[in-house]
Amino acid sequence: MGGKRGLIDNGLPSVLFLIVFNIQKDLQSAIYAAIALSGILTVARLVKRDTLQHAISGAIGVLICAWFASRGGEAKDYFIPSFIKNSAYALVYAIGNLAGWPILGLLIGPIIGENLEWRKHPARKRVYIMAGWVWVGMFVLRVLIMYPLYQADQLNALGVASLVLGYPLFLLTIWWTWLIIKTVPSVKPEIKPE
């Protein structure tokens with residue numbers, strides 16, 4: 001997740017966007033400030049020979065948000081990509097759960113050595129599906145809270161909600177996922193002797 005640097009790379013440009021917009025009341029200045037800060041953070045990672053994953057994903061995210069804000073002409077449009085992203089993730093996770101192919105199983109299984117063996121164990125599959133609904137809830141909650149603020153033109157409340165519903169809610173979701181998944185032991189593929 002990038003630790004503290006990941007939080008900085010992904011969160012600071014949005015905070016700066018809100019600050020500059022509130023001070024200058026100029027959308028273009030706010031957009032340029034967010035893009036410039038994102039660029040500085042990316043260069044800082046390059047200089048330190050640190051991982052670029054979060055800086056680059058943050059820079060791409062800022063550019064996409066800036067494009068929406070510039071195209072829509074309103075500062076609140078900076079947050080439209082968040083609605084699209086969270087709605088799409090909620091849909092994908094829900095479809096995966098309903099189809100019996102929970103996304104969490106597909107992601108976690110190979111990492112912990114289960115591969116797709118969990119599909120042969122109903123209890124293990126069930127915990128992946130249960131945890132998957134927690135993720136659907138996280139994505140839906142973000143949209144349910146942020147979209148009304150967007151509609152009501154509450155830019156600062158929208159920015160605060162975006163921060164609170166970002167990493168803090170994400171970390172809570174990971175913790176809750178772990179509590180669910182650990183209730184059923186991991187299953188590893190049986191190795192057949194040659």
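Given 78, 147, 128, which one is among the aromatic types (Phe, Trp, Tyr), at pLDDT 95 or above and more than 25 Å from residue 175 (Cβ to Cβ)?
Matching residue, one of 78, 147, 128: 147.
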In segment 70-84, which residue that is free of Cβ contacts under 8 Å to residues at least 12 places away in the same chain and open to solvent by 20 Å² or more (accessible area, probe 1.4 Å) is nearest to residue 11 (Cα to Cα)?
-> 84
Hey, does segment 172-182 have a residue that's basic (Lys, Arg), open to solvent by 90 Å² or more (accessible area, probe 1.4 Å) and over 22 Å from residue 99 (Cα atoms)?
-> yes
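Condition check ((1) of a type outside the set (Val, Ile, Thr); (2) at pLDDT 85 or above; (3) open to solvent by less than 30 Å² (accessible area, probe 1.4 Å)) across all residues:
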{"residue": "20", "(1), (2), (3)": "no, yes, yes"}
{"residue": "30", "(1), (2), (3)": "yes, yes, yes"}
{"residue": "36", "(1), (2), (3)": "yes, yes, no"}
{"residue": "59", "(1), (2), (3)": "yes, no, yes"}
{"residue": "65", "(1), (2), (3)": "yes, yes, yes"}
Kindly establish whether residue 155 is of a type outside the set (D, E, K, R), open to solvent by less than 30 Å² (accessible area, probe 1.4 Å) and in contact (Cβ under 8 Å) with a residue 12 or more places away in the chain.
-> yes
Pairs, please: C-beta under 9 Å, at least 6 apart or cross-chain, first residue farther than 12 Å from residue 142 by Cα and in segment 163-176, second open to solvent by 70 Å² or more (accessible area, probe 1.4 Å)?
-> 171/1; 174/1
Selection within segment 122-133 - more than 18 Å from residue 94 (Cβ to Cβ) and open to solvent by 70 Å² or more (accessible area, probe 1.4 Å) = 122
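Scanning for something surrounded by 19 or more Cβ atoms within 10 Å (Cβ to Cβ) and at pLDDT 80 or above, does segment 3-14 turn up at least one residue?
There is at least one residue in segment 3-14 that is surrounded by 19 or more Cβ atoms within 10 Å (Cβ to Cβ) and at pLDDT 80 or above.
The values are calculated or read from the model by the stated rules, or taken from the named source; none is laboratory data. All values reported here derive from a predicted model rather than from experimental measurement. With ideal geometry, Cβ positions are generated from the backbone for all residues, glycine too; neighbour counts draw on all protein chains shown. The area values use the complete protein model at the heavy-atom level, side chains included, leaving out ligands, DNA and RNA. Shrake-Rupley method; radii C 1.70, N 1.55, O 1.52, S 1.80 Å.
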